[in-house]
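**Student:** Just dropping this structure here.
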Amino acid sequence: MPLNLGCKPAVLCTFLCLTVSILSVVKAEDPYRFFDWNVTYGFIYPLGVRQQGILINGQFPGPDIHSVTNDNLIINVYNSLDEPFLLSWNGIQQRRNSYEDGVFGTTCPIPPGKNFTYILQVKDQIGSFYYFPSLGFHKAAGGFGGIRILSRPRIPVPFDDPAGDYTILIGDWYMSNHTKLKAILDSGRKLPIPNGILINGRGRNGYSLTVEQGKTYRLRISNVGLQNSLNFRIQNHKMKLVEVEGTHTLQTTYSSLDVHVGQSYSVLFTADQPGQDYYIVVTSRFTAPVVLNTTGILHYSNSAGPVSGPFPGGPTTQIDWSLNQARSIRTNLTASGPRPNPQGSYHYGMINTTRTIIVANSAGQVNGKQRYGVNSVSFVAPDTPMKLADYFKIQGVFKENSISDRPYGGGLYLDTSVLTLPYRAFVEIVFQNNEDIVQSWHLDGYSFFVVGMDGGQWTTASRNQYNLRDGVSRCTIQVYPKAWTAIYIPLDNVGMWNLRTEFWARQYLGQQFYLRVYTDSTSLRDEYPIPKNALLCGRASGRHTRPL
């Protein structure tokens, strides 16, 4: 969406001032795409009941961002809500620039009635991602949308151009206002189960996709919900997986696909069935005895009739089925990524790890209220973003290594948990899940290699079953009940990076922490300076960034 220079004088002034300064941060030869977004409340009816939603330019879900590798995205966000607001960019790596990440540990909220211009570059990235509001429980009200990063024209893609390319945002949904849900959590209680599932902001049979018989289409499916793993399928149609969060995959065919909360997948399907309408089905996983479901419509342009009868069933509680599917998702080693070299040219399995971090989630009570934690620490946000405190050397906001790099078995306690790791280390992280629910973890600023997952307790012997050749590289990974998942990460992106559960009530109540990837270097090759337009809040208020 082009920038509307006539919308607000303050926005125009901000934009003009930034235009010159941007060139000092990003390469001038890479294209620019400008967006101007107004964030408002508005009435929506996703499950047939009127409720207050968060709209972007009057849209729910928000507008898609279409871009190409290395594009510079200049996104001016005007906050017309009555409370602070932030957008984060799930999967956009913010190379050397964690100030723009849009979570409270790095970025001050946009005050009501004010604007902030994000300056992002989708450096060396391709693929399917999404954005969402990161403060409080705003995510339960909307404000999310799809992000797609296309390959540059000279970079080969391992499949033919589809006849259509569509964003599909799926997620569980509450009919209660996000403020009510937040109040439940603040009171120390757990949330009830969600009321339903949405496809692109619509309930049962509210979403429809029209196709032409014989043609092939691409769907970019993201689970933008709050807690539930979801299964996606199209009646009588097979799906070929081609990309996961920026990695071209082996093109395996599935009849249905598990999309865990926070994850994004690209599939191709061919409209190769008789001309009629078919169900698009999304159902919750691992939630028995209550299984949430919704349907959309795949409409053939030559359809002889509407859908009828029950929609096709899918998996519900089968852990082994989902685990085997997850293990089958692997990198296409011969396909080009963002650059014209094979994705398999980086031999991650031949690099010795320098440190092993074990991350264990847990639930419990702190001061009589429900909390969640990592390695016994339940995260609490300080009054100042930690990245700003780090830059301005403000004491008392956080302590380095205030969280252990492995569980020690103690009870939950509150702290602003930050783990410092050296730049260019090569780290193994093991997510150990001793609870009875599926976990989903996301790391900002990075893609990581998924090297193994299995049931039980991880031990050093578990490394014998690692995939050290073609494990998929992605940014969000599931961990099954009473199980573990292991990843490798080259720490090549300096900054303060949020490692969090995508189960949003748990995130809000402490199941997150920050990785401080640190170097003593002050070179722009390692990290960009603080943006000239950075909002300053808390104990950083009134401090200067750089002269304009």
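**Student:** Within the bounds of segment 383-393, is there any residue that is modelled with pLDDT of 95 or more, assigned to a loop (DSSP other than H, G, I, E, B), over 24 Å from the mean Cα position of the chain (by Cα) and of a type outside the set (Asp, Glu)?
**Tutor:** Checked segment 383-393: at least one residue is modelled with pLDDT of 95 or more, assigned to a loop (DSSP other than H, G, I, E, B), over 24 Å from the mean Cα position of the chain (by Cα) and of a type outside the set (Asp, Glu).
**Student:** How many residues does segment 310-360 hold that are more than 28 Å from Phe513 (Cβ to Cβ), β-branched (Val, Ile, Thr) and part of a helix (DSSP H, G or I)?
**Tutor:** 0
**Student:** Under the condition of being farther than 17 Å from Arg474 by Cα and among the polar types (S, T, N, Q), which residue from segment 121-150 is farthest from the chain's Cα centre (by Cα)?
**Tutor:** Gln121
**Student:** Run down Asn324, Asn341 and say which single residue is over 21 Å from Phe129 (Cα atoms), of a type outside the set (Phe, Trp, Tyr), under 28 Å from the mean Cα position of the chain (by Cα) and at pLDDT below 95.
**Tutor:** Of the residues listed, the single one that is over 21 Å from Phe129 (Cα atoms), of a type outside the set (Phe, Trp, Tyr), under 28 Å from the mean Cα position of the chain (by Cα) and at pLDDT below 95 is Asn341.
**Student:** Now, a different point. For Ile429, indicate whether it is assigned to a strand (DSSP E or B), over 25 Å from Pro382 (Cα atoms) and under 21 Å from the mean Cα position of the chain (by Cα).
**Tutor:** yes
**Student:** Here's a follow-up. What do you reckon, is Ile437 closer than 22 Å to Ala363 by Cβ and not in a strand (DSSP E or B)?
**Tutor:** When the stated conditions are applied, Ile437 passes them.
**Student:** Shifting gears a bit: Could you grab me the full set of residues in segment 42-97 that are under 18 Å from the mean Cα position of the chain (by Cα) and small (Gly, Ala, Ser)?
**Tutor:** Gly62, Ser67, Ser88, Gly91 - these are the residues of segment 42-97 that are under 18 Å from the mean Cα position of the chain (by Cα) and small (Gly, Ala, Ser).
**Student:** Take the residues in segment 194-223 that are in contact (Cβ under 8 Å) with a residue 60 or more places away in the chain and either touching a helix residue (DSSP H, G or I) at 6+ places or on another chain (Cβ under 8 Å) or among the basic types (Lys, Arg) (or both), then tell me which one is farthest from Ser264 (Cα to Cα).
**Tutor:** In this case the residue turns out to be Arg204.
**Student:** Could you say whether any residue in segment 434-446 is on the phi > 0 side of the Ramachandran plot, open to solvent by 20 Å² or more (accessible area, probe 1.4 Å) and at pLDDT 95 or above?
**Tutor:** Looking through segment 434-446, none of the residues is on the phi > 0 side of the Ramachandran plot, open to solvent by 20 Å² or more (accessible area, probe 1.4 Å) and at pLDDT 95 or above.
**Student:** Under 9 Å between Cβ atoms, which residue pairs at least 6 apart in sequence (or on different chains) link something in segment 347-358 that is among the basic types (Lys, Arg) with a partner that is surrounded by 13 or more Cβ atoms within 10 Å (Cβ to Cβ) and not in a loop (DSSP other than H, G, I, E, B)?
**Tutor:** Arg355/Leu421; Arg355/Pro422; Arg355/Phe426; Arg355/Val427; Arg355/Glu428
**Student:** Restricting to segment 60-87, and then to whatever is in contact (Cβ under 8 Å) with a residue 60 or more places away in the chain and in a strand (DSSP E or B), can you tell me which residue is most open to solvent (accessible area, probe 1.4 Å)?
**Tutor:** Among those residues, the one meeting the criterion is His66.
**Student:** Kindly establish whether Pro112 is within 13 Å of Leu86 (Cβ to Cβ), without any contact (Cβ under 8 Å) to a residue 40 or more places away in the chain and either among the small types (Gly, Ala, Ser) or open to solvent by 30 Å² or more (accessible area, probe 1.4 Å) (or both).
**Tutor:** yes
**Student:** Inspect all residues belonging to segment 452-472 and state whether any of them is among the aromatic types (Phe, Trp, Tyr) and outside any loop (DSSP other than H, G, I, E, B).
**Tutor:** no
**Student:** Name the residue that is surrounded by the most Cβ atoms within 10 Å (Cβ to Cβ), counting only residues in segment 454-495 that are free of Cβ contacts under 8 Å to residues at least 60 places away in the same chain and among the basic types (Lys, Arg).
**Tutor:** Arg463
**Student:** If you don't mind, another one. When only residues in segment 200-214 that are in a loop (DSSP other than H, G, I, E, B) and farther than 18 Å from Gly145 by Cα count, which is least open to solvent (accessible area, probe 1.4 Å)?
**Tutor:** Filtering segment 200-214 for residues that are in a loop (DSSP other than H, G, I, E, B) and farther than 18 Å from Gly145 by Cα, the one least open to solvent (accessible area, probe 1.4 Å) comes out as Gly214.
**Student:** State whether one or more residues within segment 509-519 are in a loop (DSSP other than H, G, I, E, B) and either among the aromatic types (Phe, Trp, Tyr) or more than 27 Å from Pro112 (Cβ to Cβ) (or both).
**Tutor:** yes
**Student:** Another one. Among the residues that make up segment 400-416, is at least one of them open to solvent by less than 20 Å² (accessible area, probe 1.4 Å) and either farther than 28 Å from Asp390 by Cβ or assigned to a strand (DSSP E or B) (or both)?
**Tutor:** No, segment 400-416 contains no residue that is open to solvent by less than 20 Å² (accessible area, probe 1.4 Å) and either farther than 28 Å from Asp390 by Cβ or assigned to a strand (DSSP E or B) (or both).
The values are calculated or read from the model by the stated rules, or taken from the named source; none is laboratory data. Quick caveat, the model's predicted, so the values are computed rather than measured. Here the Cβ is made from the backbone with ideal geometry for all residues, glycine too, and neighbour counts use every protein chain on show. When the accessible area is computed, the model is the full protein with side chains, heavy atoms only, and any ligands, DNA or RNA have been set aside. Shrake-Rupley method; radii C 1.70, N 1.55, O 1.52, S 1.80 Å.
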